[in-house]
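Enquirer: Take a look at the following structure, please.
Values in this text are rule-based calculations from the coordinates and carry no lab data. As the structure is a computational prediction, the values presented were derived from the model and not from experiment. All Cβ positions, even for glycine, are placed from backbone atoms using ideal geometry, and neighbour counts span all protein chains on display.
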Amino acid sequence: MESGEKGRGLLQLDGMRIKPRSRGALTKGRYFAGICIERGVGSVERQRVISAWRKAAWPDIRKVGRVLMRIALGALFVFAGATKAYDPGAFAIEIQRYQIVPWILDALVSVYLPWVEMLAGVLLLLKRFQRGALLVITLLLLVFTVALASAMFRGLSIDCGCFGKAFTATGTTVPLLRNLVLLVFTGILWMGYR
């Protein structure tokens, strides 16, 4: 790229070569914003539009993958929060079966956690406060994964309670593996922000 008197003050790509359209030999052409000014031997200067920065016609697969992961995480958390908010009493019993916190904390968590999940999911879907929503979802997944792993290592035979009463008898192994996959999704989404 050059600028100054030689380039008439405009940023131009110099030295790129293309095949000429005519029989005349191509001399050095100047490029600016996708327009090529060619000088053919024995002909007048002519212009034609080219694509100097060619991109594929189909979208970048990584961007599409990140969008699909963001939509899947957001929708999953909205659904999970809605099923738990429908019956907070049953969700409090599911939390109590983990035997991690006292009953009063179970009751508070069962009332507020579904709304936090739904809010984070909606914000992630709408791309509003996306990093904050992704941070909340990542922290929730970490807490859920630790709770499931502790229940599994202690030998508790309990239902996950991840989706309230929508799905029953999921145990602890399948939800633990699902949470690990979702944590990989959040890691991929975090890497997209770098």
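Enquirer: With label points built 7 Å along Cα→Cβ from the Cα atoms of Val184 and Asp60, find their separation and express it in nm.
Expert: Calculated label separation equals 2.2 nm.
Enquirer: A further question follows. Once the Cβ-Cβ distance between Ser150 and Trp115 is put in as r, and R0 is 25 Å, what FRET efficiency do you end up with, to the nearest 0.05? Write out the running numbers ahead of the final one.
Expert: Numbers: r = 25 Å, r/R0 = 0.99.
The formula returns an efficiency of 0.50 here.
Enquirer: Dividing the convex hull volume of the Cα atoms of the range 55-131 by its residue count, what figure in Å³ per residue is obtained? All intermediate terms of the calculation are to be shown ahead of the outcome.
Expert: On the way: hull volume 8.5 nm³, N = 77.
Spread over its residues, the Cα hull of the range 55-131 gives 110 Å³ apiece.
Enquirer: How large is the translational diffusion coefficient of the range 61-191 in µm² per second when you combine the Kirkwood radius over alpha carbon pairs with Stokes-Einstein at 25 °C and 0.890 mPa s?
Expert: On the way: Rh = 15.0 Å.
This corresponds to a translational diffusion coefficient of 164 µm²/s.
Enquirer: Still on this structure: When Lys and Arg each count +1 and Asp and Glu each count -1, what net charge do the other residues less than 15 Å away from Val111, Cβ to Cβ, add up to?
Expert: Details: positive: Lys84; negative: Asp87, Glu94, Asp106, Glu117.
Combined, the nearby Lys, Arg, Asp and Glu give -3.
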